[in-house]
Amino acid sequence: SGAWATVVISVVAVSLKNIGGTLLALAGLSANPLLRWLNRIYVEVFRAIPLLVLLLWIYYGLPTLLGIT
């Protein structure tokens, strides 16, 4: 059951990643300058944050914000 849960989580994550990446790419290619500008800020902020820091924020910050134990 653990292997099946891993496969399901992986498929869902890859699907969401593909949809999100496509939307970000389309926003970056948009004719709307505001949409391109917001996309650029989003991309640059996440490129500037090291992965380890992001993982630590998720691991320690998300439970605090959402009350998850």
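The C-alpha atoms of the chain define a longest principal axis, and helix 33-48 lies at about 40 degrees to it. Quick one: angle between helix 2-28 and the longest Cα principal axis of the chain, in degrees between 0 and 90, rounded to 10, please. Taking the Cα atoms of the chain, the angle to 2-28 is about 10 degrees. For Ile58, the accessible area of its heavy atoms, probed at 1.4 Å with every protein chain present, is near 90 square angstrom.
How large is the accessible surface per residue of the range 1-46, computed with a 1.4 Å probe and reported in Å² as a whole number? Walk me through the numbers before you get to the answer.
On the way: 3710 Å² over 46 residues.
Ligands and nucleic acids excluded, the figure is 81 Å² per residue.
The Kirkwood radius of the chain, taken over pairs of alpha-carbon atoms, gives through the Stokes-Einstein law at 20 °C and 1.002 mPa s a diffusion coefficient of 146 µm² s⁻¹. Here the accessible area of the range 17-69 is 74 percent carbon and sulfur, with a 1.4 angstrom probe and all protein chains present.
The values are calculated or read from the model by the stated rules, or taken from the named source; none is laboratory data. Every value quoted in this text rests on a predicted model; they were computed, and no experiment measured them. These area figures cover heavy atoms from the full protein model, side chains too; ligands, DNA and RNA do not enter into them. Shrake-Rupley method; radii C 1.70, N 1.55, O 1.52, S 1.80 Å.
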